[in-house]
Amino acid sequence: MIGSPDLVAFTKDDDFGETDVDPCLLPDEFSVPLFTHAGNSNPWSKTSYAKFARDFILISEFSEQVGPQPLLTIPDESKVCGTFDLNYFSLRIMSVDYQASFVGHPPGCNYPKLNFVEDSKVVLGDSKEGAFAYVHHLTLYDLEARGFVRPFCMAYISADESKIMQQFQQLSTEFSKASEWLKTGNRKAFASELVKKLKDLEYTRTVLHKETELQKKNSGCYSTQVIDKANELANVEKSIYEHKDLLRQITSYPSRKRIDCEFPQESDDPATSAEMDKKATPTECSPEVSPEAITGKRRPSYTPQLIKGKSAKCFDKRLKTLEELCDSYFFHQTMEQLRLIESAFRGDLCHIYTNQISQALLKKQKITNFLYEVYNDWEDEAVSKPSFAGNLPPPTPLLLGAPQSPEAVHADLDAETSVEKPQEAELTESSPSDLTQENSDEGTDAEMKVSSGSSGESVDAAGPERPERHSEAEAVPQAFCPDVVEGNAAGTVDDGEDNDERVSATDSPSPEHNRASYQSAIHEQEPSVKVDGDMGGDEPKSPGLTQDLDLTGDSVLQASTMVQADASCCMGQEKLQYEEPSPELAENGFPDRVVKREPQSCLQGDLTLGKAVTAEDSPAVPNALNSDGLSDDMFRMNLDDLSDATSFMSASTNSDRLSSPCHYSNPVTLKQKKRAGQNALRFIRQYPFSQQAIFCVLTGRTLVVLGADERTVRKLVNALSIFVPNLGKYGETVQPWLSCPFQLTDLQNWKIIGLHRMASPTGSSMLHSLNRYARYIGVLDADQKTLRCPPYRGSLIGNMANHRTQIKRGSTYFMHVQCMLTQLYSKAFLYTFCHHLHLPISLSEDQETVASRRSSFLHQQLGYNEEDSKMIQFLSELIKQSYLQGPGRMVHPPGFCFSYIPSFVHKI
Amino acid sequence: MSSGCPPQSPAVAKTEVSLEGESPMLAATFAYWDNILGPRVRHIWAPRSEEPLLLSDGEITFLANHTLNGEILRSAECGAVDVKFFVLAEKGVIIVSLIFDGELKGDKNTCALSLILPQTELPFYLPLHTVCVERLKHIIRKGRIWMKKGYSIVSVLTSEIVPIMELLASMKAHSVPEDIHIKDTVLNDDDIGDSCHEDFLHKAISSHLQTCGCSMVVGSNPDKVNKIVRTLCLFLTPAERKCSRLCRAESSFRYDTGLFVQGLLKDSTGSFVLPFRQVLYSPYPTTHIDVDVNTVKQMPPCHEHTYNQRRYMRSELSALWKAASEDDIGPETVIHADETFTPDLNVFQDVMHKDTLVKSFLDEVFLLKPGLGLRSTFLAQFLLLLHRRALTLLKYIEDETQKGKKPFRSLRSLKADLDLPVEGDLSIVMAMAEKLKAGLHSFVFGKSFYTSVQERDVLMSF
């Protein structure tokens, strides 16, 4: 007997325990949620339900055998894709009938026509999976494929839909470049394959012809076998005709397509095209022409094979892989470009977008960028740079160090120098992660900078020597040569701290990058190699230098050029200034020359200069590394001036100086600055006198960080470096660790010096000297945790260095400091260019009135006290110098200033 | 018109739309996936033109069919509207498709509403993509209800497609250029107050920034209106400028939802009628600036605006759902009230928060001599500062809440740590951060409108 409990299972869910639903109530599927972020969702969660960890690039193919299939992902790590179903998504993105262009036998034509279809771009998504994609469809050619075409797509997959649409144009541009690489390589490979096939066919024809003739003799003209052979021969003839036509088509790739496509073009160069045509044309007439004529590459000679009458069935044959479809060099360039794309678009959209906006704004405020902004494209326009080649694309801000135009390389390959080219090109490329913040030109020469000597001294000292033997364009590249050569000769790799830091600064473990690091490591040990040889040579200088040690501050002033300080900023103060380079002589900027350097030309440099170079090492070396505006002659002149004016604080050997690791080889990046933010945050929390220390830095007073422990000192220097105005492209105004006595000019050129406290007579002599110059500098004792410098009673620094801050992360703190510094230099800009502030309004006004007006502006208009005003005045002075010198030139720090304000010792 | 009788003829129904000026759009189409015939175009909207169009009806149909290809695999949640975007170089067109499910003849079908433009219009269209998509998404919500009830969706879609065509045509002729020269703006005056009252300018720019750069400028004199429009646009990004519109001297445009800044001309009676619904549907709150009487009013902050907007949308959809017949409620009908929600029609309020950021900027920028590029540089520095501050604030909140995993409870610390003690300054930076991370206001100030008001009171007490 069936009881009621048994029936329960057969009732509908809706009928059991459910209350009636009001039919007038709008169902959820037709409504909108009341809150944009309901439940546990939040502004960050829209990307959290995707099944993949971060954005990636997927290459898929619509295979004629198995349908849509994923081929590879970038990055090629399984954890990136997670549990995301690549097969399903490939199916989705490849099922878009995106072109519907005719491929195959056109009506009225009995042989196949290649259709050069243009790429299609599609943005689509799967809202259920939380995956959205920019999909770039392209078609490659394959002789074995149906209709000779293989449809592929490259997809940038992200969980953030708005990112795809907002960055659509940039994605489109960059993927077009990758596609162009791939297609160019494919055309080469296809042409090469056609040539081989033609050879096979020719060979087959010959064999068949012979066989037919033989059978004619044996069994007469009308035997079945002879007729079959004749038919077969006719088929081969037809096939030869068709393949020749295909070869003609692929080698005369329509220039319209090349012009139309977004990729910067190449072989509009008629010579290249003509060369291509010339090489292609004989092939049509004579299939015996080797494939090298088409590809420009010398390959192993090809042995023709007999082709069977019937080709393999569709599903029996193995389709070529993507790599096989494309010339290997071009394939690797494509992969490199895709890696760059992945790197450039990695991360949260808000950071990418703000960075793009910031870069655009920075270009409008070039005059103040040198103060605190990381070197980037804004500087490119200031300093014009010749390009590598006439047809090279302009630098792309988005992807730095991207491979150059495929067509340009194509031309190179045609020139039969191609065997080495790829290797060279790889050598000169930077890893993607290095290049995300810098422009492409910078990216291109980043490797060179890495390969340059890491010691600023050795690099710069070489500068003056070069012009005697080399042209301007060659001079600086060669300046790096001794390092390269000696580094290689040494044959050892220094795994020192600096090198490790550089490696960890990049996320990409690409082989190129490893190579860069390796080179860098080689060069880093360079100074120590030279030191051994230079020690003796420099020793005799010491007595004379020791004599200089006794000079007092006053005598220093006498030795220097005394100029009247500008009333706008240093009223009543005396300045120690060096002669400014004349604008005429300073036209050829240093960065120009760095870019065009080639490793080989470096090797040609006179190696004998190595020692002389080191011997001429000058105190102004770090500065000179970036003395952008100086010609070599002028530069040398300046060095002479400097050495004349130099007073050594103690016995100093250049070898000692060289042994201290410098870090001028790479431009300072935003990433490094953000990392420094962590140290800065720790510093302001641990040291109650942090504001005083920052005040020193912001007023141009050199801060010496003294300590016995290198790690501690370096951290402190690193922390304070984010506040240093005019840090320099390479951070050359900061010396993180110096274990040797330094010179007086160093105090002027370096704004923060990490100094090793040595328990030796030299060490005590150094301390004595520091005390003597206390009126010019601040001394932060890391061991005793004291700071000796003038007091700070302003409010501006309080906003950026509050020890009670709740900011949790160093990078966030850096961003906050960056905001405050932006505000600060904006005020300095206002002060510098404020109308009627610096000049007498009427003839009756004297300098005092003007000075009082300036002071009143700072105090009343801007509301700053004495100390805050000083910071503004210092920054204003730098802006003024930069403005007068013109863009792209190094702004030298103002000379030492007397300060009658007493210094205090601040303690924890 | 009932959808119970689909057109028997294979010919596709077509609506020609008369537009003033050049239309960048080639056509709009509504297509659906027929279970027997596959993709099928149901309706085409095309601008009326004497010259032959770039695409024939056949080609439009072909392209519209394309948009549904692959959608047989669609596995979206019911009610979801997915956006697809095609750039077909071979055809020289771009297509924007919104894919959704709807009931036709009692069956659930996958449908596509598409806009087709020439590829040459890509740079013109991209900044306006979000505006078009958001507006179309909402009309699709209404259309789905209409389809569910067995009515034709075409009339509902027409009510939004025609205005979008008009919007694109108006933007073609009157959009704000990407690069604005400072000499065309108030910031080129010799001194503050030369063109307009000092406090008015400060209020206008401050409120404009507090409402995420979304403003409408109303006045009788087109030159005056446009000067303020350009001035406000100086504070926008180039893409946002391309999504802003100058006023037309001859006659006013209609208010368009989604534009950042738009100039609107008063009629001969000296008034401009604002459509409540459209203003409320704007993605961000809006500042109302009247250059005739120098008044500045603003809508409530983002989270309140979003809350009001959502409630109104739900009411509107509910009213449609409850409508007994097609004639009962037309697609253009404005929902004024229902049982649960009475919108506050007085959406514009006085600017509550004073700021120091804009104040000091305006005080200082006029100290620089005009015409030398100094003011442009100073403006760039100001904007850079705002963008950086917004990102810093975002990062701060991200750190504090572990990317939203924990609620944000330390507004006081944020203000102290990021040097944002003044309410107006915080509002400006928050508004900029909202554009970077949508939903930030709701997250920070609480989810409900009522909570947010309390939060705001608390905020004001700091």
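The values are calculated or read from the model by the stated rules, or taken from the named source; none is laboratory data. Source: prediction; values computed, not measured. Note that we place each Cβ from the backbone using ideal geometry, even for glycine, and neighbour counts take in every protein chain shown. Accessible surface areas use protein heavy atoms only, side chains included; no ligands, DNA or RNA. Shrake-Rupley method; radii C 1.70, N 1.55, O 1.52, S 1.80 Å.
For the stretch B:355-461, the solvent-accessible area with a 1.4 angstrom probe is 34 square angstrom per residue. Counts of other chain beta carbons within 10 angstrom of each beta carbon in peptide A:58-68 average 0. Take each residue in A:361-368, count the other chain C-beta atoms within 10 Å of its C-beta, and the mean is 6. Rounded to the nearest 5, the antiparallel percentage of DSSP beta bridges internal to chain B is 75%.
Close amide H contacts of A:HIS906 (hydrogens built in the peptide plane, cut-off under 5 Å, sequence separation of 5 or more or a different chain): A:LEU787, A:ARG788, A:CYS789. Straight-line reach from A:LYS317: which lysines have a Cα under 20 Å away, not including same-chain ones fewer than 8 places off? Partners found: A:LYS196, A:LYS197, A:LYS308. Backbone amide hydrogens, once placed in the peptide plane, bring B:ARG245 within less than 5 Å of B:VAL176, B:VAL261, B:GLN262, B:GLY263, excluding anything fewer than 5 places away on its chain.
Legend: mean number of C-beta atoms from other chains within 10 angstrom of residue C-beta atoms, peptide A:125-135, equals 3. Each chain gives up part of its surface: B and A jointly bury about 7900 Å² of accessible area, both sides summed, for a 1.4 Å probe.
Sum up the charges of everything whose Cβ sits under 14 Å from the Cβ of A:ALA708, counting Lys and Arg as +1 and Asp and Glu as -1, but leave A:ALA708 out. That works out to +1.
For the residue pairs A:LYS671/A:LYS827; A:LYS827/B:LYS354; A:LYS177/A:LYS715; A:LYS163/A:LYS880, the alpha carbons lie more than 31 Å apart in A:LYS177/A:LYS715; A:LYS163/A:LYS880.
Accessible area per residue for the stretch B:13-174, computed on protein heavy atoms with a 1.4 Å probe, is 34 Å². Relative to the Cα centre, the charge distribution of the stretch B:13-174, modelled as +1 at Lys and Arg Cβ and -1 at Asp and Glu Cβ, gives a dipole magnitude of about 640 debye. Divided by 2.2 N^0.38 Å, where N counts the residues, the Cα radius of gyration of chain B comes to 1.04. Where the centre of each part is set by its Cα atoms, how far does the stretch B:365-386 sit from the stretch B:243-269, in angstrom? Centre-to-centre distance over Cα atoms comes out at 28 Å. Scoring A:696-707, B:66-77 by mean Cβ neighbours within 10 Å over their residues and listing the highest first yields A:696-707, B:66-77.
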